[in-house]
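Report on the structure given below.
The values are calculated or read from the model by the stated rules, or taken from the named source; none is laboratory data. Values in this document were obtained by computation on a predicted structure and should not be read as measured data. Glycine also receives a Cβ, built like all others from the backbone with ideal geometry; neighbour counts cover every protein chain displayed. Areas reflect the complete protein model, heavy atoms only, side chains present, ligands, DNA and RNA absent. Shrake-Rupley method; radii C 1.70, N 1.55, O 1.52, S 1.80 Å.
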Amino acid sequence: MFVDRLRPVLDGIGESYEVLVVDDGSTDATPALLERIRREWPQTRVVRLRANSGHQAALSAGLARARGDWVASIDADLQDPPETIPKMLAQARGQLVDVVYGVRTDRRTDSMFKRNTADLFYRVMGRMVTSSGPSHAGDFRLMSRATVDAVNLLPEHHRVLRLVVPALGFPSDNVGYERNVRAAGKSKYPFVKMLRLSVDSITGFTTAPLRLATWFGIVGGLTALLLLLFAFVSFLTGHTAPGWTSTFVVVSAVGAVQLLCLGMLGEYVGRIYTQLQGRPSYFVAYDSLAPEGPPGGPARVAGDDDAQGRRADTSSETPGSERTGR
(Lines give C-alpha, C1' and ligand atoms only; values in the text may rest on other atoms or scores of the structure.)
Protein backbone atom coordinates (compact mmCIF):
# COMPACT_ATOMS: atom_id res chain seq x y z
CA MET A 1 0.00 0.00 0.00
CA PHE A 2 1.19 3.50 -0.78
CA VAL A 3 0.87 4.72 2.81
CA ASP A 4 2.91 1.80 4.14
CA ARG A 5 5.84 2.81 1.91
CA LEU A 6 5.52 6.59 2.11
CA ARG A 7 5.22 7.03 5.88
CA PRO A 8 8.53 5.35 6.86
CA VAL A 9 10.31 7.40 4.18
CA LEU A 10 9.00 10.72 5.47
CA ASP A 11 9.48 9.83 9.14
CA GLY A 12 13.08 8.92 8.32
CA ILE A 13 13.84 12.39 6.93
CA GLY A 14 13.79 13.79 10.45
CA GLU A 15 11.86 16.97 9.66
CA SER A 16 8.27 18.12 10.00
CA TYR A 17 6.15 17.37 6.97
CA GLU A 18 2.61 17.32 5.66
CA VAL A 19 1.13 14.77 3.27
CA LEU A 20 -1.52 16.39 1.13
CA VAL A 21 -3.75 14.01 -0.79
CA VAL A 22 -5.81 15.37 -3.67
CA ASP A 23 -8.91 13.28 -4.31
CA ASP A 24 -9.86 14.10 -7.88
CA GLY A 25 -13.61 13.60 -7.54
CA SER A 26 -13.52 9.85 -6.87
CA THR A 27 -16.84 7.98 -6.81
CA ASP A 28 -15.72 4.86 -4.91
CA ALA A 29 -14.75 4.32 -1.27
CA THR A 30 -11.66 6.52 -1.52
CA PRO A 31 -13.03 9.38 0.67
CA ALA A 32 -13.80 7.01 3.53
CA LEU A 33 -10.38 5.38 3.21
CA LEU A 34 -8.65 8.75 3.23
CA GLU A 35 -10.52 9.82 6.36
CA ARG A 36 -9.38 6.66 8.13
CA ILE A 37 -5.78 7.29 7.06
CA ARG A 38 -6.04 10.87 8.28
CA ARG A 39 -7.12 9.74 11.74
CA GLU A 40 -4.24 7.26 11.94
CA TRP A 41 -1.64 9.58 10.38
CA PRO A 42 -1.96 13.13 11.80
CA GLN A 43 0.31 14.65 9.14
CA THR A 44 -2.21 13.75 6.43
CA ARG A 45 -4.34 16.45 4.86
CA VAL A 46 -7.13 15.64 2.41
CA VAL A 47 -8.34 17.96 -0.34
CA ARG A 48 -11.31 16.65 -2.29
CA LEU A 49 -12.41 18.13 -5.60
CA ARG A 50 -16.10 18.41 -6.30
CA ALA A 51 -15.80 16.62 -9.65
CA ASN A 52 -13.12 14.88 -11.65
CA SER A 53 -11.07 17.70 -13.14
CA GLY A 54 -8.18 15.81 -14.68
CA HIS A 55 -4.64 15.00 -13.65
CA GLN A 56 -3.03 18.39 -14.32
CA ALA A 57 -5.87 20.28 -12.62
CA ALA A 58 -5.51 18.04 -9.56
CA LEU A 59 -1.80 18.80 -9.51
CA SER A 60 -2.57 22.51 -9.67
CA ALA A 61 -5.10 22.17 -6.86
CA GLY A 62 -2.43 20.57 -4.71
CA LEU A 63 0.23 23.13 -5.56
CA ALA A 64 -2.22 25.92 -4.72
CA ARG A 65 -2.30 24.61 -1.13
CA ALA A 66 1.28 23.49 -0.42
CA ARG A 67 2.75 25.19 2.64
CA GLY A 68 6.21 23.67 2.92
CA ASP A 69 9.67 24.91 2.08
CA TRP A 70 9.98 21.91 -0.27
CA VAL A 71 7.12 20.27 -2.14
CA ALA A 72 7.30 16.83 -3.74
CA SER A 73 4.55 15.60 -6.06
CA ILE A 74 3.95 11.91 -6.61
CA ASP A 75 1.11 9.69 -7.80
CA ALA A 76 -0.28 7.06 -5.45
CA ASP A 77 -0.02 4.13 -7.87
CA LEU A 78 3.54 3.34 -6.68
CA GLN A 79 4.97 3.46 -10.19
CA ASP A 80 7.13 6.28 -8.87
CA PRO A 81 8.96 4.98 -5.75
CA PRO A 82 8.52 7.16 -2.61
CA GLU A 83 12.01 6.06 -1.51
CA THR A 84 13.41 8.49 -4.10
CA ILE A 85 12.11 11.57 -2.25
CA PRO A 86 14.98 11.78 0.31
CA LYS A 87 17.48 11.54 -2.56
CA MET A 88 15.71 14.44 -4.28
CA LEU A 89 15.82 16.54 -1.11
CA ALA A 90 19.51 15.80 -0.54
CA GLN A 91 20.24 16.59 -4.20
CA ALA A 92 18.38 19.90 -4.03
CA ARG A 93 20.19 21.03 -0.90
CA GLY A 94 23.57 19.69 -1.96
CA GLN A 95 23.50 21.20 -5.45
CA LEU A 96 21.62 24.37 -4.39
CA VAL A 97 18.89 23.92 -7.00
CA ASP A 98 15.18 24.74 -6.91
CA VAL A 99 13.85 21.74 -8.83
CA VAL A 100 14.85 18.07 -8.86
CA TYR A 101 13.17 15.99 -11.57
CA GLY A 102 12.54 12.29 -11.22
CA VAL A 103 13.72 10.80 -14.52
CA ARG A 104 12.53 7.34 -15.57
CA THR A 105 15.68 5.45 -16.53
CA ASP A 106 13.93 2.09 -16.94
CA ARG A 107 10.38 1.77 -18.33
CA ARG A 108 10.25 -1.97 -18.90
CA THR A 109 7.07 -2.20 -16.83
CA ASP A 110 5.22 0.01 -19.34
CA SER A 111 3.67 -1.47 -22.44
CA MET A 112 5.52 -1.20 -25.75
CA PHE A 113 2.89 1.21 -27.03
CA LYS A 114 3.30 3.44 -23.96
CA ARG A 115 7.10 3.41 -24.23
CA ASN A 116 7.07 4.23 -27.94
CA THR A 117 4.48 7.00 -27.69
CA ALA A 118 6.23 8.49 -24.65
CA ASP A 119 9.56 8.47 -26.47
CA LEU A 120 7.92 10.16 -29.48
CA PHE A 121 6.31 12.77 -27.21
CA TYR A 122 9.58 13.73 -25.55
CA ARG A 123 11.42 13.83 -28.88
CA VAL A 124 8.82 16.12 -30.44
CA MET A 125 8.64 18.40 -27.41
CA GLY A 126 12.44 18.52 -27.22
CA ARG A 127 12.55 19.87 -30.78
CA MET A 128 9.57 22.23 -30.57
CA VAL A 129 9.93 23.62 -27.03
CA THR A 130 13.23 25.18 -25.98
CA SER A 131 12.67 24.52 -22.26
CA SER A 132 10.91 21.16 -22.26
CA GLY A 133 12.90 19.78 -19.33
CA PRO A 134 14.64 16.41 -19.04
CA SER A 135 13.44 13.60 -21.28
CA HIS A 136 11.21 11.02 -19.57
CA ALA A 137 10.59 13.28 -16.59
CA GLY A 138 6.90 13.18 -15.70
CA ASP A 139 5.16 14.82 -12.75
CA PHE A 140 7.35 13.23 -10.06
CA ARG A 141 9.49 16.14 -8.91
CA LEU A 142 10.69 18.14 -5.90
CA MET A 143 10.26 21.93 -5.92
CA SER A 144 11.39 24.73 -3.67
CA ARG A 145 8.99 27.24 -2.13
CA ALA A 146 10.06 29.84 -4.70
CA THR A 147 9.24 27.46 -7.55
CA VAL A 148 5.80 26.63 -6.18
CA ASP A 149 4.98 30.31 -5.68
CA ALA A 150 6.07 31.08 -9.24
CA VAL A 151 3.89 28.31 -10.67
CA ASN A 152 0.90 29.48 -8.63
CA LEU A 153 1.24 33.00 -10.02
CA LEU A 154 0.76 31.80 -13.59
CA PRO A 155 -2.86 32.48 -14.69
CA GLU A 156 -2.98 30.11 -17.65
CA HIS A 157 -5.56 27.34 -18.02
CA HIS A 158 -4.90 23.81 -19.31
CA ARG A 159 -1.40 24.05 -17.88
CA VAL A 160 0.94 21.11 -18.38
CA LEU A 161 3.17 21.21 -15.33
CA ARG A 162 5.89 19.01 -16.78
CA LEU A 163 6.49 21.88 -19.22
CA VAL A 164 5.50 24.82 -17.01
CA VAL A 165 8.14 24.07 -14.36
CA PRO A 166 11.10 23.80 -16.79
CA ALA A 167 9.90 26.97 -18.57
CA LEU A 168 10.54 28.95 -15.37
CA GLY A 169 14.26 28.40 -15.89
CA PHE A 170 15.04 27.83 -12.21
CA PRO A 171 18.23 25.87 -11.36
CA SER A 172 17.46 22.15 -11.57
CA ASP A 173 18.94 18.67 -11.36
CA ASN A 174 17.82 15.08 -11.99
CA VAL A 175 17.50 11.86 -10.02
CA GLY A 176 17.04 8.65 -11.99
CA TYR A 177 14.76 5.82 -10.88
CA GLU A 178 13.25 2.62 -12.20
CA ARG A 179 9.54 2.83 -12.97
CA ASN A 180 7.63 0.10 -11.15
CA VAL A 181 4.49 -1.84 -11.97
CA ARG A 182 1.22 -0.15 -11.02
CA ALA A 183 0.22 -1.33 -7.55
CA ALA A 184 -3.52 -1.35 -8.20
CA GLY A 185 -6.16 -0.09 -10.58
CA LYS A 186 -5.83 0.93 -14.21
CA SER A 187 -4.19 3.89 -15.89
CA LYS A 188 -6.36 7.01 -16.05
CA TYR A 189 -4.41 8.12 -19.12
CA PRO A 190 -5.86 6.29 -22.13
CA PHE A 191 -4.82 7.18 -25.64
CA VAL A 192 -7.38 9.99 -25.98
CA LYS A 193 -6.17 11.75 -22.82
CA MET A 194 -2.55 11.27 -23.83
CA LEU A 195 -3.36 12.88 -27.17
CA ARG A 196 -5.12 15.76 -25.42
CA LEU A 197 -2.10 16.26 -23.15
CA SER A 198 0.16 16.34 -26.20
CA VAL A 199 -2.02 18.95 -27.92
CA ASP A 200 -2.12 21.09 -24.75
CA SER A 201 1.66 20.77 -24.45
CA ILE A 202 2.29 21.90 -28.01
CA THR A 203 -0.26 24.71 -28.20
CA GLY A 204 0.60 25.94 -24.71
CA PHE A 205 4.33 26.30 -25.16
CA THR A 206 5.18 26.89 -28.80
CA THR A 207 3.90 28.67 -31.87
CA ALA A 208 5.61 26.17 -34.17
CA PRO A 209 2.28 24.81 -35.53
CA LEU A 210 1.36 28.33 -36.64
CA ARG A 211 4.67 28.60 -38.45
CA LEU A 212 4.02 25.16 -39.91
CA ALA A 213 0.70 26.41 -41.26
CA THR A 214 2.52 29.34 -42.85
CA TRP A 215 5.02 26.99 -44.48
CA PHE A 216 2.18 24.81 -45.73
CA GLY A 217 0.68 27.91 -47.33
CA ILE A 218 3.98 28.86 -48.96
CA VAL A 219 4.62 25.35 -50.27
CA GLY A 220 1.02 25.08 -51.48
CA GLY A 221 1.30 28.42 -53.27
CA LEU A 222 4.56 27.44 -54.98
CA THR A 223 3.07 24.09 -55.98
CA ALA A 224 0.02 25.81 -57.44
CA LEU A 225 2.28 28.20 -59.38
CA LEU A 226 4.30 25.30 -60.84
CA LEU A 227 1.09 23.50 -61.84
CA LEU A 228 -0.15 26.69 -63.49
CA LEU A 229 3.06 27.01 -65.51
CA PHE A 230 2.85 23.33 -66.44
CA ALA A 231 -0.75 23.73 -67.60
CA PHE A 232 0.13 26.84 -69.64
CA VAL A 233 3.05 25.10 -71.38
CA SER A 234 0.88 22.07 -72.07
CA PHE A 235 -1.75 24.32 -73.60
CA LEU A 236 0.78 26.02 -75.88
CA THR A 237 2.23 22.68 -77.04
CA GLY A 238 -1.19 21.16 -77.59
CA HIS A 239 -0.84 18.46 -74.96
CA THR A 240 -3.80 19.49 -72.85
CA ALA A 241 -5.67 16.39 -71.81
CA PRO A 242 -7.80 17.11 -68.76
CA GLY A 243 -7.73 14.22 -66.33
CA TRP A 244 -10.06 13.57 -63.45
CA THR A 245 -7.38 11.86 -61.34
CA SER A 246 -4.91 14.75 -61.35
CA THR A 247 -7.65 17.24 -60.61
CA PHE A 248 -8.99 15.14 -57.76
CA VAL A 249 -5.53 14.68 -56.21
CA VAL A 250 -4.69 18.40 -56.37
CA VAL A 251 -8.04 19.50 -54.94
CA SER A 252 -7.87 16.90 -52.19
CA ALA A 253 -4.30 17.84 -51.25
CA VAL A 254 -5.05 21.55 -51.09
CA GLY A 255 -8.23 20.90 -49.11
CA ALA A 256 -6.39 18.71 -46.62
CA VAL A 257 -3.70 21.37 -46.06
CA GLN A 258 -6.36 24.03 -45.56
CA LEU A 259 -8.25 21.94 -43.02
CA LEU A 260 -5.03 21.14 -41.16
CA CYS A 261 -4.09 24.80 -40.97
CA LEU A 262 -7.58 25.76 -39.83
CA GLY A 263 -7.42 23.07 -37.14
CA MET A 264 -4.13 24.44 -35.83
CA LEU A 265 -5.47 27.97 -35.77
CA GLY A 266 -8.61 26.70 -34.06
CA GLU A 267 -6.58 25.15 -31.23
CA TYR A 268 -4.98 28.49 -30.45
CA VAL A 269 -8.24 30.40 -30.77
CA GLY A 270 -9.85 27.86 -28.43
CA ARG A 271 -7.15 28.43 -25.82
CA ILE A 272 -7.68 32.20 -26.05
CA TYR A 273 -11.45 31.69 -25.67
CA THR A 274 -10.99 29.47 -22.60
CA GLN A 275 -8.58 31.94 -21.03
CA LEU A 276 -10.97 34.85 -21.56
CA GLN A 277 -13.81 32.91 -19.92
CA GLY A 278 -11.74 32.69 -16.75
CA ARG A 279 -13.51 29.57 -15.46
CA PRO A 280 -11.72 27.73 -12.64
CA SER A 281 -10.00 24.48 -13.56
CA TYR A 282 -11.33 22.79 -10.45
CA PHE A 283 -13.75 23.20 -7.54
CA VAL A 284 -12.73 22.24 -4.03
CA ALA A 285 -15.46 20.42 -2.12
CA TYR A 286 -13.53 19.73 1.09
CA ASP A 287 -10.20 20.52 2.73
CA SER A 288 -9.51 18.75 6.02
CA LEU A 289 -7.37 21.70 7.15
CA ALA A 290 -10.09 24.28 6.54
CA PRO A 291 -12.72 25.04 9.22
CA GLU A 292 -15.73 25.20 6.90
CA GLY A 293 -17.19 21.86 7.92
CA PRO A 294 -17.29 18.15 7.19
CA PRO A 295 -17.16 16.46 3.77
CA GLY A 296 -20.18 17.06 1.60
CA GLY A 297 -20.61 20.72 2.47
CA PRO A 298 -20.85 23.55 -0.05
CA ALA A 299 -18.14 23.60 -2.66
CA ARG A 300 -15.48 26.27 -2.53
CA VAL A 301 -14.41 27.62 -5.89
CA ALA A 302 -10.69 27.60 -6.58
CA GLY A 303 -8.90 27.84 -9.88
CA ASP A 304 -5.60 28.59 -11.51
CA ASP A 305 -5.96 32.28 -10.75
CA ASP A 306 -6.66 31.52 -7.09
CA ALA A 307 -3.04 31.93 -6.08
CA GLN A 308 -2.76 35.50 -7.35
CA GLY A 309 -4.65 36.84 -4.37
CA ARG A 310 -4.21 34.01 -1.84
CA ARG A 311 -0.60 33.10 -1.29
CA ALA A 312 -1.35 31.14 1.88
CA ASP A 313 -3.70 28.74 0.09
CA THR A 314 -1.06 26.40 -1.34
CA SER A 315 -0.11 22.60 -1.49
CA SER A 316 1.61 19.74 -3.25
CA GLU A 317 0.23 17.97 -6.30
CA THR A 318 -1.38 14.57 -6.59
CA PRO A 319 -2.37 11.81 -4.17
CA GLY A 320 0.63 11.25 -1.96
CA SER A 321 2.31 14.64 -2.17
CA GLU A 322 4.65 15.45 0.71
CA ARG A 323 5.90 18.54 2.47
CA THR A 324 9.13 18.96 4.37
CA GLY A 325 10.72 21.71 6.43
CA ARG A 326 7.71 23.60 7.75
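What the table below lists for this structure:
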quantity: Residue order for TRP41, TRP70 - accessible surface, 1.4 angstrom probe, largest first; calculated: TRP70, TRP41
quantity: Estimated dipole of region 30-181 in Debye, rounded to 20 [Cβ of Lys and Arg +1, of Asp and Glu -1, Cα centre]; calculated: 280 debye
quantity: Accessible area of region 1-98 belonging to carbon and sulfur atoms, whole % at 1.4 Å probe; calculated: 51 percent
quantity: Packing rank of 43-54, 26-37, where each peptide gets the mean count of other beta carbons within 10 Å, highest leading; calculated: 43-54, 26-37
quantity: Exposure ranking of ASP4, ASP173 by accessible area [1.4 Å probe, largest first]; calculated: ASP4, ASP173
quantity: Rounded, prolate or oblate (a/c below 1.5 giving rounded, otherwise prolate when a/b exceeds b/c) for region 1-91 by Cα gyration tensor; calculated: prolate
